[in-house]
Structure formats: C-alpha cells, structure tokens
Amino acid sequence: MALTANATPVAAGFRCDYTILPGRGAVRFEVGLSYDDGNRFDTRPDAPVTGSIDLNPVDPTLVVLRARAFGAGGLPGPYFLTELALPRAALNTELPPIDYADFSADVKARVDHILEVEATASAKAADLLARVLAAAAVGDANVAAIYSESQTRLTADSGLASDISAVVVRVGSTEAAVITERTARVDGDTAQASRTDALIVQTNSDRAYFLDQVTVRTNAEGALSDRITSLSASVGGNSAAIVSEQSARSTGDSAQATRTDALVAQTNNDRAYFLATTQALSNTDGVLVSYANDLYARSDVGTAVGRFSMQAVSGPSGVSARIQALLATQRGGQTYGAGYYLDLLNDGSSRFVIDANAFFITNNGSSIPLLSFDGFTLRVPNLVLTAPNVPVGVANSPARFDAANYTLISGANTANNILDANMVANVYSDNGQYPTIISLYGKLTVSGNGQVSALILEIDGTDVGQLTFRGGSIVAQANSGTIPFQATAVIYLAAGNHTARFRYSYAGNGNAASSVLINEIHLAAVTPRA
C-alpha cells in the first residue's frame, strides 16, 4: 500500500486531495487528518481510495495525513503517513482604501447637477410665463386671458410643428398661469418631439411652480428619451423643491437608463439634500446595475454626507457585487469618515470591511456591549476556539464581564424577582471534571426612597449564590452612599457554555425619583486545574 497527497488552494483556504494505492487483500480503508503534528487525528473510517478533504479554516503550517487498510478478516495494517506543508495564512493588508474626501466630492457633484436641473426647470417655467404674459397682456397692468398660438414649417428635408396654450391671470404684482407647449421637429436624420406642462404662481420674488418636460429624439447616434419634473416653492432666501430626472438612451452598442429623485431644502446658507439615483447599463464591457441614496447637509458649522449603495457587475472582467454605507463630515478643513462595505468577488470569495474607531455588538437594546473592539482590545464575555489545534490550556483562561454606570431600575413601582437585562455573562467549562469559581462584585447607589434586595446570582436559571451588601446585609436602602456588593460560587458545570445573571427585588415606595444605579459590576470565572 502507498499514500500520496497534495494541498490545493480554494476560496476558503486549502483542500487535501489524496490517493491510496491499495495492497493485496485490502477491502476497506481508514484515513485520518491531524493539525497538531500527529498528536490527534480526525478519522474517517470508511474512506474511498481517492478523495478530497476540506481543511479547517485555521492557520497550521503542517498537516499530517495517515491511512491504513483493513483485510477481509477485519484486521488493520500499518499506518502510512504523509505531510502537507501549507503557507501560513496572511491577512490581506492591501484592502481598497475608502477615500472619504473623494466620496464627499462625488455626493457634492451629484447635488450640483440636480440643482442645475432645477435651475433649468425654473428658468423654463419663468420663460413660458413671460412669453404668454407678453402675448396676452399687450401692455395692460391687469389681465385674465386664454391664450393659444401655433405654427408649422415644412421644407424639402425638415419640418416643424409647435403650439403653446395657456390660461393666465395678472393682478398687480401677482401672476398665475397654466401653460402647455408642444413641439415636433424633423431635421435631416434627426427627429425630436417635446412637451412641457407648467403651473406657476408668483408675487414679486416669491414663486411656486410645477413643471414637467418630456423630450424624445432619434438620430444616427441612437435614441434618447428624457424627462424632467420639478415641484418648487421659494420665499425670499428660502426654497424647497422635489426634482426628478429620468433618461433612457440606446446606441448601436449600448443601452443605459438612469433616474435621479431629489429633495432640496435651502435657507440662507443652510442646505439639506436627499438624492436617490438608480442606473442600469449594458455595453461591450458588460452590464452594471446600481442604486445609491445620498444625504448632504451643510451649515456654517460644517458639512455632513452619507451614502447607502448597492452595485452588481457582470462582464468579461468578472462578476461581482457590493453593498456599502459611507459617512463623512468636514469641519475646519478636515475630513472624517466611517463606513462599511460587503464585497462578493469574482473568485467566489467575500469580505466584510468595517472602517470605524470602535465596533460594538449589543443585545435587545442594551447599552452594555456583548462584544467590543476599540482598535486595540477585543472584549467578549467568553471565547471558544473550535479549531482542532487550539493550544492546551486556552479554554482555562478566565471569563470576564465588566460594565459601569447604568440604571438598574427606577420609578415609584415595586418589582419582585426580576433579571438585570444588562448583565448577561457567558461562563465556559471544557469538561466538567473540575469546579468553576465564579465571583460577582460591584457597587451601586440607591436614590429617592428606593430599596433593592434579594440579589441572587444564577447560572442557567439556577440560584448559585446570594449577593450581600456592605456588612453582610441583603437589603440596600436609599441615602446610603455608594454600596458595595459581592457573591462567590464554586460549582461543577457540564462541558460547554453557561449563562450567568442576577435577579433582584425593588421597591420605589411611591417616589418617582427612586432609582438604583449600578456604578460598576464585574464578573470573573475560572476553572483551575489540579
């Protein structure tokens, strides 16, 4: 019998591909894999002669594979071993950077574009009003008129048909109009049709208008359909608008559709904008679909921007998808940013990248994090490593829970035998053969006419220890300053994870100002070895 094997890189790490060359009389084979230099083996009792084993996503530099054969009588033969040397896993430190200054500039560019669209719509509405007033008023200060005008023109290679109709009223400095303009034009190989509907009212510089303009065009370069809609109101230096721009374009080798919807609010130097942009594109480079929500807020204090976006790409260069959320602020010439993105890459691998000074996971709205990472220290109630090559003794490291400055309960009511929602600690026991020592201690302050009593430490819902206050009391009263409390339990726990919490009773004694503040609370648990 002989054994050969090699390690094949895959998206999640490595795969062991092996082949057994059977000897005479072999009827069954056993294969084992070791991550700790042959001390322990993960055994497969009925292995095929040729197979593959996905290696655990850990960081060994040496994997040992062994195999043996069994004869017809069930007796095993000797082990045959081979070693697989693996490169040490390395963290990719060349992640695509997030350029927050460039991101902020991109959001600003999109805002500037939609403001240009609104300005174009506003100018069109004002021009239509001026034209119908000039035609209908004929110099009169006040006017109420129904106006209509049309024209046609035709040559050997071009033609034009257009009309404009309106109802318009002007009294003093106040004007109101409903206007429709339609145009159809053919010039050589270009054909174009457009329609504009507008409602506008204004008094001096105060104005409210609605404009909807649709343009369609074809020529030798392709076909285009555009629509601009603007709903706007302005008084003095304050203005608000809802603007939409839609475009569909096709050429001989591409097709593209885009839509942007925006909310605009401006008062003096303060600005607030929301933009939702969607795009679908297909050309010789592939296909792309994207969606982005942008926020932009600016005042004299500074600028804040935000974006949530999704994108999917497929083409000759590969298939990928991304979801991202980015935030940036600019103050005093300095740009600050935070965000995350989730990538699914062309090779099937994925990455979730978070850019922040600190990272927290909480439970059920609690202000006390279950997991926290501040860039230097990772804090978790309990850490269980499931890889086969965990160094002996790691599971014996103490479990810790630490929290401070939260309100346990408040109010005039009475509550009996309830659990603290903030203190949820995990205690791990690896085999249950040794007792686990658990110590809970801290300090609290009782205010108003409050009273807290019957603090009980429990593991998995079972009482294991009575918490006592200063001097051994089991009751803490208001106006007693900062009161220490503590409890200790020594118990045998079954192997696995266990939950430590504490229960208490409270009386507010009719005073709404009564409360119990946990100044600090700590839990430590360790299973010592003989």
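Read the figures in this text as sums done on the coordinates, not as results from a lab. In this text, all values refer to a predicted model and were calculated from it rather than measured experimentally. As a convention, Cβ positions derive from the backbone with ideal geometry for all residues, glycine included, and neighbour counts pool all protein chains shown.
For the range 301-385, take N as its residue count and report Rg(C-alpha) divided by 2.2 N^0.38 Å.
Computed over Cα atoms of the range 301-385, the ratio equals 1.44.
Expected output is a single nm value to one decimal: the length gained when fully extending between A144 and D206, i.e. 0.36 nm times separation in residues minus the C-alpha distance. What is it?
Net length gain for the segment: 20.3 nm.
Less than 12 Å Cβ to Cβ from A137, Lys/Arg counted +1 and Asp/Glu -1: what total charge do the surrounding residues give?
Here the count lands on 0.
Charges on Cβ only, +1 for Lys and Arg, -1 for Asp and Glu, centred on the Cα centroid of the chain; of A69, A489, N6, which one is farthest towards the dipole's positive end?
About the Cα centre, the residue reaching furthest to the positive side is A489.
Quick one, can you get me the convex hull of the C-alpha atoms of the range 100-356 expressed as volume per residue in Å³?
Enclosed volume per residue, from the Cα hull, is 126 Å³.
At q = 0.19, 0.20 Å⁻¹, what log₁₀ I(q)/I(0) does a Debye calculation on the Cα points of the range 136-221 give, no solvent, two decimals?
Cα-only, vacuum Debye calculation for the range 136-221: -0.89, -0.93.
Can you give me the long-range amide H partners of A403? Hydrogens built in the peptide plane at 1.01 Å from N, cutoff under 5 Å, separation of 5 or more residues or another chain.
Answer set, sorted by chain and number: I521.
Taking 0.36 nm per intervening residue step and subtracting the Cα-Cα distance, what contour gain separates A101 from T120 on full extension?
Roughly 4.0 nm would be gained on extension.
With labels modelled as points extended 7 Å from the Cα through the Cβ direction, what inter-label distance (nm, one decimal) is found for S254 paired with A272?
In this crude spin-label approximation the distance works out to 3.7 nm.
Can you compute the charge dipole magnitude of the range 115-161 about its Cα centre, using +1 on each Lys and Arg Cβ and -1 on each Asp and Glu Cβ, nothing else charged? Give it in debye, rounded to the nearest 20.
So the dipole magnitude of the range 115-161 works out to roughly 120 debye.
In nm, give the distance between the simple-model label positions of V27 and R15, each being 7 Å from the Cα along the Cα-to-Cβ direction.
Between V27 and R15, the label points sit 3.2 nm apart.
Put a dot 7 Å past each Cα toward the Cβ at I474 and T82; how far apart are the dots in nm?
Rounded to a tenth, the inter-label distance reads 6.8 nm.
Among I368, I146, rank each residue by its count of other Cβ atoms within 10 Å, from fewest to most, as a rough exposure measure.
Going from sparsest to densest Cβ surroundings: I146, I368.
For V169, what charge total do you get from the other residues with a beta carbon under 13 Å from its beta carbon, if Lys and Arg give +1 and Asp and Glu give -1?
-1
Full-extension gain between N363 and T4, please, as 0.36 nm times their residue separation minus the C-alpha to C-alpha distance.
Contour length minus Cα-Cα distance gives 124.3 nm.
With a sphere of radius 14 Å drawn around the Cβ of D463, what net charge do the other residues whose Cβ falls strictly inside it have (Lys, Arg +1; Asp, Glu -1)?
Result for the neighbourhood of D463: 0.
Take the alpha carbon gyration tensor of the range 202-351, find the square roots of its eigenvalues, order them as a ≥ b ≥ c, and report rounded if a/c is under 1.5; if not, report prolate when a/b exceeds b/c, else oblate.
oblate
If you place +1 on the Cβ of every Lys and Arg and -1 on the Cβ of every Asp and Glu, how big does the dipole about the Cα centre of the range 431-530 come out, in debye to the nearest 20?
It comes to approximately 140 debye.
Can you pull the Rg over Rh of the range 398-526, Cα-only, Kirkwood?
That ratio is 1.00, to two decimals.
If you count the DSSP beta bridges with both ends in the chain, what percent of them are antiparallel, to the nearest 5?
Close to 100 percent.
Within 10 Å of each residue's Cβ, count the other Cβ atoms and sort E116, E458 from fewest upward.
Ranking E116, E458 by Cβ neighbours within 10 Å, fewest first, gives E116, E458.
Let me spell out the model: positive unit charges on the Cβ of Lys and Arg, negative unit charges on the Cβ of Asp and Glu, origin at the Cα centre of the chain. What dipole size does that give, in debye rounded to 20?
My answer is approximately 1380 debye.
Report, in cubic angstrom per residue, the convex hull volume of the C-alpha atoms of the chain.
Hull volume normalised by residue count: 275 Å³.
So if the hydrodynamic radius of the range 2-85 is defined as the Kirkwood radius over C-alpha pairs, what does Stokes-Einstein give as its diffusion coefficient at 10 °C and 1.306 mPa s, in µm² per second?
121 µm²/s
Measure nothing fancy, just the Cα-based angle from helix 100-137's long axis to the longest principal axis of the chain, in degrees from 0 to 90, nearest 10.
Around 20 degrees separate the two axes.
If you rank F376, F401, F274 by fewest surrounding Cβ atoms within 10 Å, what's the result?
So the ranking, lowest neighbour count to highest, is F376, F274, F401.
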